[in-house]
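Written below as structure tokens is the structure these notes are about.
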Amino acid sequence: MSLIELTAPAKINLSLDVVGKRPDGYHLLRTVMQSIDLADRITIEQSTNHEQPERIAVITRNHNLIPNDRHNTAWKAAFVFFDELKDPFLEKISIKITIDKHIPVAAGLAGGSADAAAVLVGLNKLYKTNLTIGELERLAVQVGADVPFTMHGGTILCEGIGEKLTPLPAWEDLYLLLCCPNDGLLTAQVFSDYDQADCVNHPDTERVVSAIRSRDLALLASCTANVLQPVSESRRPELKAIRQALIEQGAVLAQMSGSGPSVFGLFRSQVLCQKAANRLLQDLPDDVRIYVCRTTAAGPTEI
Ligand code: ATP
């Protein structure tokens with residue numbers, strides 16, 4: 001086998017709290033992340049040195065602003081993988097990674113992290129290197145804070161800078177409407193705004209976890225929050241309007257994902273979710289993309 005194709009699912013944050021800051025400036029989070037079925041598609045192919053001089057080449061389809069060099073998360077993941085193994089056979093090969101981009105970029109959906117996770121899982125399978133999940137997690141942390149989560153997928157309480165994972169019972173097949181304004185938000189800017197904010201609405205994470213364990217959507221809606229939402233909404237007031245529109249259309253919970261600007265609404269059924277989508281397609285501005293999605297237990301999966 002010299003080629004592997006995988007899905008790279010996005011995530012939403014069912015809750016997001018900031019519980020501290022490290023001396024180096026990293027914010028310590030306590031967040032429940034949830035995989036959804038909106039996914040990029042990653043293809044990893046082996047090429048010969050004579051076809052391709054560079055050891056790792058990345059091509060991104062459907063998006064022309066993502067860097068295809070060492071700044072691409074998929075490139076970084078391949079680099080740390082080869083660097084870890086230092087295998088004489090692998091030293092000689094070159095690979096080409098193709099990213100079919102479907103996850104909106106800089107949207108709070110961890111698209112870059114999902115791609116990196118799929119590359120780590122894919123290379124481990126392609127070259128039968130049998131790295132354990134613990135070894136892959138150690139590499140994942142080196143690439144980015146959300147990569148350990150996106151490597152596992154499902155429903156997980158993530159703490160620290162994303163390296164401490166407590167898996168929860170996967171909440172599958174929950175319908176959500178994802179609304180993604182075209183203009184992204186810079187994560188670093190949102191955290192810097194958060195540092196200046198004086199009024200913060202924290203989630204009750206213990207109750208969030210209970211709500212997930214008992215699959216109680218109403219309880220989840222009553223105790224969850226995303227502490228970054230007020231600061232992102234004060235920069236981008238249209239996010240609050242989207243949230244209100246989702247509630248008016250029957251969402252049990254409407255909340256921003258990550259540092260935004262994506263906003264999701266959770267619905268009690270596929271029919272209600274689709275009905276809300278039809279309405280919001282008419283009501284929201286054209287630069288807001290709308291996706292009907294489902295939660296999933298899957299991380300990167302070979303196709
Ligand atoms: P997070 O929720 O983890 O903060 P995000 O969803 O807000 O992430 P990404 O879509 O991962 O943001 O993109 C953030 C930045 O990373 C963008 O500016 C983009 O150019 C860069 N980037 C590098 N590699 C990738 C990749 N494979 N996919 C998407 N963005 C990438």
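The values are calculated or read from the model by the stated rules, or taken from the named source; none is laboratory data. In this text, all values refer to a predicted model and were calculated from it rather than measured experimentally. Ideal geometry is used to build each Cβ from the backbone, glycine not excepted, and the neighbour counts take in all protein chains shown. Each accessible area value is taken on the protein alone, full model and side chains, heavy atoms only, with ligands, DNA and RNA left out. Shrake-Rupley method; radii C 1.70, N 1.55, O 1.52, S 1.80 Å.
Tally time: how many residues in the range 181-224 are under 24 Å from L65 (Cα atoms) and either open to solvent by 60 Å² or more (accessible area, probe 1.4 Å) or in contact with a His (Cβ under 7 Å, 6 or more places away or on another chain) (or both)?
Summing the residues that are under 24 Å from L65 (Cα atoms) and either open to solvent by 60 Å² or more (accessible area, probe 1.4 Å) or in contact with a His (Cβ under 7 Å, 6 or more places away or on another chain) (or both) in the range 181-224 gives 7.
So is G111 within 11 Å of the ligand (Cβ to nearest atom) and of a type outside the set (S, T, N, Q) or not?
Numbers: within 11 Å of the ligand (Cβ to nearest atom): yes; of a type outside the set (S, T, N, Q): yes.
Yes.
Would you mind telling me which numbered condition in (1) free of Cβ contacts under 8 Å to residues at least 40 places away in the same chain; (2) part of a helix (DSSP H, G or I) T150 fails?
Answer for T150: the failing condition is (1).
So, in the range 194-213, how many residues would count as being under 16 Å from A225 (Cβ atoms), in a helix (DSSP H, G or I), touching a residue at least 24 places away in the same chain (Cβ under 8 Å) and not aromatic (F, W, Y)?
Count: 4.
When the residues of the range 248-263 are filtered to those that are within 16 Å of the ligand (Cβ to nearest atom) and either open to solvent by 40 Å² or more (accessible area, probe 1.4 Å) or outside any loop (DSSP other than H, G, I, E, B) (or both), which remaining residue is nearest to I212 (Cα to Cα)?
Initial filter on the range 248-263 (within 16 Å of the ligand (Cβ to nearest atom)): 255-263.
Remaining after also requiring either open to solvent by 40 Å² or more (accessible area, probe 1.4 Å) or outside any loop (DSSP other than H, G, I, E, B) (or both): 255-256, 263.
On the way: Q255: 16, M256: 18, V263: 20 Å.
Checking each candidate, the answer is Q255.
When the range 109-122 is examined, which residues are found to be part of a loop (DSSP other than H, G, I, E, B) and of a type in the set (D, E)?
Those that are part of a loop (DSSP other than H, G, I, E, B) and of a type in the set (D, E): none in the range 109-122.
Residues in the range 1-22: is at least one surrounded by fewer than 16 Cβ atoms within 10 Å (Cβ to Cβ) and either of a type in the set (G, A, S) or within 13 Å of the ligand (Cβ to nearest atom) (or both)?
There is at least one residue in the range 1-22 that is surrounded by fewer than 16 Cβ atoms within 10 Å (Cβ to Cβ) and either of a type in the set (G, A, S) or within 13 Å of the ligand (Cβ to nearest atom) (or both).
Show the residue pairs that are 6+ apart or on different chains and have beta-carbon atoms under 8 Å apart, the first residue being within the range 69-90 and open to solvent by less than 50 Å² (accessible area, probe 1.4 Å), the second being among the aromatic types (F, W, Y).
Partner pairs satisfying both residue conditions: L90/F82; L90/Y127.
Only one of these is in a strand (DSSP E or B) and outside the structural domain of A110 (by TED's automatic domain parsing): L280, L266, L220. Name it.
That would be L266, the only listed residue that is in a strand (DSSP E or B) and outside the structural domain of A110 (by TED's automatic domain parsing).
Against the conditions (1) open to solvent by 50 Å² or more (accessible area, probe 1.4 Å); (2) closer than 23 Å to L131 by Cα; (3) within 16 Å of the ligand (Cβ to nearest atom), where does I59 fall short? Just the number, please.
(2)
Would it be correct to say that H102 is open to solvent by 20 Å² or more (accessible area, probe 1.4 Å), touching an Asp or Glu at 6+ places or on another chain (Cβ under 7 Å), within 16 Å of the ligand (Cβ to nearest atom) and not in a helix (DSSP H, G or I)?
yes
Residue by residue, here is whether (1) within 16 Å of the ligand (Cβ to nearest atom); (2) under 24 Å from the mean Cα position of the chain (by Cα); (3) in a helix (DSSP H, G or I); (4) under 23 Å from L185 (Cβ atoms) holds:
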| residue | (1), (2), (3), (4) |
| --- | --- |
| E54 | no, no, no, no |
| R70 | yes, yes, no, no |
| W75 | yes, yes, yes, no |
| A78 | yes, yes, yes, no |
| A107 | yes, yes, no, yes |
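Kindly indicate whether V32 is outside the structural domain of A188 (by TED's automatic domain parsing) and more than 12 Å from the ligand (Cβ to nearest atom).
The answer is yes for V32.
Residues checked against (1) within 16 Å of the ligand (Cβ to nearest atom); (2) of a type outside the set (S, T, Y); (3) without any contact (Cβ under 8 Å) to a residue 12 or more places away in the chain; (4) part of a loop (DSSP other than H, G, I, E, B):
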site	(1), (2), (3), (4)
N124	no, yes, no, no
K128	no, yes, yes, yes
A140	yes, yes, no, no
A145	yes, yes, no, yes
I156	yes, yes, no, no
E159	yes, yes, no, no
L165	yes, yes, no, no
C180	yes, yes, no, no
A188	yes, yes, yes, no
